[in-house]
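Chemist: One structure, pasted below without further comment.
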Amino acid sequence: MMRKILIIDDDLRHDKMMSYLLLSKGFEPSYALSGEEAIKKLASGEFAKPVIILMDIMMPGLSGFETMAQLKKNPELSDIPVIMVSAISDREQQDKAKEIGATEYIEKPFSPSVVIECIYNILDKDIGDA
């Protein structure tokens, strides 16, 4: 069974690139172009519960931070590890992401190997905690 990873990013090119990367590593990617879309599809069951969410911070509508707050309010979704991704290199933003529950923070542009390593580290930690 493939492990599902949800990508939430308003940049369709980024979503496609990440999808190819994740597929090549044996993951099943799905993506939403907004926080609102992701929350709606997760809550309705249209998206199966992912093992990890990769989420951009700067998006129209709900920001990544606002989307994270919505996810954390839902007991069914609050335990999903979230990797926040942003083109903004700002320590305050990184700290805020961690404060609201992000597991990791990656700056764009990034090497695909950094994303995969981060995903494997999170999955290994979850297996170790089980």
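Chemist: Which one is surrounded by the fewest Cβ atoms within 10 Å (Cβ to Cβ) among residues in the range 31-44 that are part of a helix (DSSP H, G or I) and more than 11 Å from the chain's Cα centre (by Cα)?
Modeler: S44
Chemist: Separate question: Which one of these is β-branched (V, I, T) and either over 23 Å from L12 (Cα atoms) or in a loop (DSSP other than H, G, I, E, B) (or both): I53, I88?
Modeler: The conditions single out I88.
Chemist: To continue, here is another question. Which of the residues spanning the range 25-42 are out of contact with any helix residue (DSSP H, G or I) (no Cβ under 9 Å at 6 or more places or on another chain) and either of a type outside the set (D, E) or farther than 13 Å from Q70 by Cβ (or both)?
Modeler: Scanning the range 25-42 gives G26, K40, K41.
For every residue, the table says whether it meets (1) loosely packed, with under 14 Cβ neighbours inside 10 Å; (2) under 21 Å from T103 (Cβ atoms); (3) of a type in the set (A, V, I, L, M).
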position	(1), (2), (3)
H14	no, yes, no
L23	yes, no, yes
E28	no, yes, no
E46	yes, no, no
P50	no, yes, no
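Results for (1) acidic (D, E); (2) over 19 Å from S86 (Cβ atoms); (3) at pLDDT below 90, shown as yes or no for each residue.
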residue	(1), (2), (3)
D10	yes, no, no
L33	no, no, no
K41	no, yes, no
V51	no, yes, no
L54	no, no, no
I57	no, no, no
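Okay, residues lined up against (1) in a helix (DSSP H, G or I); (2) within 28 Å of S24 (Cα to Cα); (3) touching a residue at least 40 places away in the same chain (Cβ under 8 Å); (4) not hydrophobic (A, V, I, L, M, F, W, C):
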site: A48; (1), (2), (3), (4): no, yes, yes, no
site: M68; (1), (2), (3), (4): yes, yes, no, no
site: K72; (1), (2), (3), (4): yes, no, no, yes
site: P75; (1), (2), (3), (4): no, no, no, yes
site: E92; (1), (2), (3), (4): yes, no, no, yes
site: D95; (1), (2), (3), (4): yes, no, no, yes
site: V114; (1), (2), (3), (4): yes, yes, no, no
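Chemist: Which one of these is touching a Phe, Trp or Tyr at 6+ places or on another chain (Cβ under 6 Å) and over 21 Å from D124 (Cα atoms): S44, S30, S63?
Modeler: Only one candidate qualifies: S30.
Chemist: Answer with yes or no whether I122 is in contact with a strand residue (DSSP E or B) (Cβ under 8 Å, 6 or more places away or on another chain) and within 24 Å of Y20 (Cβ to Cβ).
Modeler: yes
The values are calculated or read from the model by the stated rules, or taken from the named source; none is laboratory data. The shown structure was predicted, so the numbers you read here are calculated from the model rather than taken from an experiment. Quick reminder, even Gly has a Cβ in these numbers, built from the backbone with ideal geometry, and neighbours come from all protein chains shown.
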